[in-house]
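Asker: One structure, pasted below without further comment.
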Amino acid sequence: MAGTTALPLQEFIGSLNNTCLPKILQVCSGVYFQGSIYEISGSEVCFSTGDLIKVINIELVSVCCEDISDSVKFELPINHTGLFKVVPEEMPYSTVEEMMRLRPVDLQSCLPFTFTSRSKMTFGSFTLGAERALTVICIERHEGEEDRVRCHVRGQQGASAEVCIPLSSRGEFYECESEECFTLQEIMSSPALRSRRFRFMNTTKSDRRFLLSPVYQVHAIMNLRKNVLKFPSSLEVDVVDVTDVCKDVNFVTPLSLTEVLSQPDKSFPVVVEVLEGPETRSLFKCSWLPELNKNERLVLHKKGTSAMVVLSSLKSRKVQQYFLVSQQYGGRFRRRPREFNSVYELYAASIQIPGLKVSVTRNCEEVEEEGLPALSVGDQLEIGRCDRVELPCESTTGLKQSVEALVCHRLQEPTDGDDDDDDDDDDEEEVKQEDDKEEIFLPLYMQGHFVEVLSDNKKYRLKDLGKDCSLPLDVKVVSRDTELETDPLVGFACLRIEGAMLEPTIQASFAHRPDCCFEIPTQWVSMSVSFTKDPLPWPEGQYPKCRVDRVTEVTDTFFYEFRKQDNSDVAPPPRPPKPSLSFSKASKKASSKSSKKAAKAQQSKQQPCKSVPTKQFSDLTLNTKRRPPAPPPPTCLDDEPPPVTPRKQSASEMRPCKALPNTYIRLEEAKKKVPLGDLEADVDSDHDYETVDDTFSVIVKKAQENVMFY
């Protein structure tokens, strides 16, 4: 440290720029020495005397304003919108050149500039009096001559003149306050302005003077730390520049995966150490991710860009799964017909696949008022164009409603012809089928169930599917990738290819398994590593044959984030038209009539039949003022039915009707045949009915059967 000068950290950092980095500093004194700790945004910064700090980046974040009168300091953000005016210096300048040198670098943009002279000045035949204001208009430079400033002089009674003053002119010059204003960005970008004093414009503090100094966020690394250290340059620490002395000191440089991608190709393969593993809530479900722990050694084989696709399983499964698959996947696929649950889905698919053919899988009744045609199971439709059609019903305004509909052709099933027919008959049959195509209109808001008709039974590689077919696409794995130990895509009845992407990746492996490689998508995994000088885990010149895992299971969060990145703004499906007023009233009347009929039928079911009264039903009624029932007939020892007792008929009962049998039976015998203890409760039933009601129903049934003996 001999021959070096200690400077406050704020002053030293203010004199740097990113082009001269990195710089190695050594802490020599200050309040943050002997292991003192300073907490910044939750992270502890500890500087001890003699610590080496390697500054790798500086970022301007704010400006420190110091009041000259009372030394009070406060910070303003760098994007502060207020304006500042330069406070003229009270000390005089001895030459014009000295005064001009303190102006900003881009002098022409800071003109005009005004100053005064305390003494009389003579230039040739022109004499300028003292205390006369001179406004610098421009600087004149001529080859072989001394540089001069052209100044404007305002005389008495509005008279004005121009005079050229050499820069070497001596005297006692004072700067006048200028009307020019500056922003914080402009002040911090000019070293000349940074050394001046300023005052606020149009504020209560406009009469106070301030010194403005930048506050940087310093990005640095230390020889005993493995992560990037960030701290403000306003720390009261004195440092010295030891860059030339400590060039050979080894600093651990943390690198993100994005920074690893920026390394030259000749840096690979290399052994790295994991400094900070991925976050626990990861987007991937794979075997290698939990092993990326701190201090783990990895071999980075190479970097590149991989073409990948996102696959999803069927929604009907209990847990829907998602996979990120490299297009180098060696398995074979066969296309599967897609299912559509609305006409709008058909329309979206037909845009990418012209001439799409589907088959109806569920019947659909015709609704003429809404323009819905009748569809039957097995109908084959060829999807055409999208057009606007008018509905047969009128809207509430009395105008015809028009909706967007999909024009389709209902295909007739081909008929089996005789084998002896010639080619002319076949041509006539094809023409006939073309004429038999029925044109129908399917509104885009119509719900339906369709399945794609495929005539292709070919086996595809994953990279060929993207060339020949449009996404999304339903497929099934028919032959596994033999290079994988276990192929997770085998066994799914159907997989959907949701989309494709080009992903920057790093092919890596663990040091103890250098031949089992995996691809790390750098934009989806956040971790930091550091390059080491460890030797590669294989003999020199004998690069191992690597087996790369081509399939990575991902979470649903990854899938949703992937869908967010899709820039296609798909419009929502259209809403069905409002029904006409007459149609809605008629439907309301019909529904009210049907509801009344249903209520009456339900009421009649709940009320017992009055023509067959029983003791049990009379006991269940809530009417307390009823006549007592007739006594039962005397007990008979034989099995003959009891005698029929004649009764009087009222006037209303004199009408011709079918006579009803007497319902009095021997209830004691019925109870003896169906004891209450023999009835079992339905424990599986969801209804909370009492058992006594079931007993009564059984007794009434037995009573009605006995009545039939009459």
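None of the figures in this text is laboratory data; all of them are computed from the coordinates on show. Treat the numbers as computed from the prediction; the structure is a model and nothing was measured. With ideal geometry, Cβ positions are generated from the backbone for all residues, glycine too; neighbour counts draw on all protein chains shown.
Asker: Starting from the amide H of residue 223, placed 1.01 Å from N in the peptide plane, find each other amide H under 5 Å away whose residue is 5 or more places distant or on another chain.
Answerer: For residue 223, the qualifying residues are 52.
Asker: Can you order the peptides 359-367, 93-101 by their average number of other Cβ atoms within 10 Å per residue, highest first?
Answerer: Going by the mean number of other Cβ atoms within 10 Å, highest first, we get 93-101, 359-367.
Asker: Just to be sure I follow the rule: in region 432-547, considering lysines 8 or more places apart or on different chains, how many pairs have Cα atoms under 26 Å apart?
Answerer: 8
Asker: Separate question: 7 Å from Cα along Cα→Cβ at both residue 262 and residue 161: what's the point-to-point distance in nm?
Answerer: 6.1 nm
Asker: Something else now. Report the extension gain between residue 294 and residue 363 in nm, rounded to one decimal, defined as 0.36 nm multiplied by the number of residues separating them, less their alpha carbon distance. If you can, show how the numbers build up before the last one.
Answerer: Values: separation 69, 0.36 × 69 = 24.84 nm, distance 6.06 nm.
18.8 nm is the gain from fully extending residue 294 to residue 363.
Asker: Here is a follow-up. Can you tell me the FRET efficiency between residue 29 and residue 127 if r is taken as the Cβ-Cβ distance and R0 is 56 Å, rounded to the nearest 0.05? Let's see the in-between values first.
Answerer: Numbers: r = 57 Å, r/R0 = 1.03.
The value I calculate is 0.45.
Asker: Say R0 is 41 Å: what FRET efficiency, to the nearest 0.05, do residue 244 and residue 502 get from their beta-carbon distance? Kindly include the intermediate steps, with their values, before the conclusion.
Answerer: Numbers: r = 45 Å, r/R0 = 1.09.
Result of the calculation: an efficiency of 0.35.
Asker: Something else: At a 10 Å Cβ-Cβ cut-off, how would you order 353, 165, 383, fewest neighbours first?
Answerer: With the sparsest Cβ surroundings first, the list reads 353, 165, 383.
Asker: What is the gain in length, in nm to one decimal, between residue 180 and residue 437 on full extension, counting 0.36 nm per residue of separation less the C-alpha to C-alpha distance?
Answerer: Here the answer is 84.4 nm.
Asker: Still on this structure, I have one more. Can you sort 142, 219 so the residue with the fewest Cβ neighbours within 10 Å comes first?
Answerer: Final ranking by Cβ density, sparse to dense: 142, 219.
Asker: How far apart, in nm, are the 7 Å Cα→Cβ label points at residue 59 and residue 315?
Answerer: Label-label distance for residue 59 and residue 315, simple model: 4.2 nm.
Asker: Right, something else. For 215, 299, 319, 72, what ranking results if the residue with the fewest other Cβ atoms within 10 Å of its Cβ goes first? Please list the in-between numbers first.
Answerer: Values: 215 19, 299 24, 319 6, 72 11.
With the sparsest Cβ surroundings first, the list reads 319, 72, 215, 299.
Asker: Report the FRET efficiency, 1/(1 + (r/R0)^6), for residue 493 and residue 80, where r is their Cβ-Cβ distance and R0 is 45 Å, rounded to 0.05.
Answerer: 0.10
Asker: Modelled label-to-label distance, residue 279 and residue 90, 7 Å Cα→beta-carbon offset: nm?
Answerer: It works out to 5.6 nm between the two label points.
Asker: Determine, for each peptide in 483-493, 303-313, 229-239, the mean count of other beta carbons within 10 angstrom over its residues, then list the peptides with the highest first.
Answerer: Working: 483-493: 14.2, 303-313: 18.6, 229-239: 20.5.
The densest-packed peptide leads the list: 229-239, 303-313, 483-493.
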